[in-house]
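A quick write-up on the structure given underneath.
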Amino acid sequence: MIDKLTYDEILEASRILKENSDIIDSLIKNKNLNDLEDFVSTVEGYSKYLETVVEINKDADLALQFLVTQKE
């Protein structure tokens, strides 16, 4: 968990952000809407960031679990 969200909830939010940014990107392609393209790119980047945060936290959970079992 990260704060009050499970990893699956965060990954689902990431998936939805990516899916919707892909839809918007396909709708604005070749329309010269630079500000909207920048926004879509930022949303895609945030989606990837969320995935990375979950991966890092899962790895940290495993490391902490290992340390706890070694201490016992």
In debye, nearest 20: dipole of the chain around its Cα centre with unit charges on the Cβ of K, R (+) and D, E (-)?
40 debye
Label zone at D61, where the point sits 7 Å out along the Cα-to-Cβ direction: the stretch 1-21 residues whose backbone N lies under 18 Å:
1-15
Mind pulling the angle between the C-alpha long axis of helix 7-28 and the longest principal axis of the chain? Nearest 10 degrees, somewhere in 0 to 90.
10 degrees
Counting only heavy atoms of the protein chains, get the accessible area per residue of the chain (1.4 Å probe) and round it to a whole Å² value.
80 Å²
Quantify how much of the Cα-Cα distance distribution of the chain extends past 19 Å, in percent.
49 percent
I'd like the accessible area for Y7, computed on protein heavy atoms only with a 1.4 Å probe and all protein chains in place. Round to 10 Å², please.
30 Å²
Computing the accessible area with a 1.4 Å probe over protein heavy atoms, can you report the carbon and sulfur percentage for the stretch 16-72?
58 percent
Relative to the first principal axis of the alpha-carbon coordinates of the chain, what is the inclination of helix 34-71, with its axis defined by its Cα atoms, in degrees from 0 to 90 and to the nearest 10?
10 degrees
Just to be sure I understand the model, the point goes 7 Å from the Cα along the line to the Cβ. What's the resulting N30 to T6 distance in nm?
4.4 nm
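The values are calculated or read from the model by the stated rules, or taken from the named source; none is laboratory data. These numbers were taken from a predicted model, which means no experiment stands behind them. Here the Cβ is made from the backbone with ideal geometry for all residues, glycine too, and neighbour counts use every protein chain on show. Just so you know, the surface numbers come from the protein's heavy atoms only, side chains and all, with ligands and any DNA or RNA stripped out. Shrake-Rupley method; radii C 1.70, N 1.55, O 1.52, S 1.80 Å.
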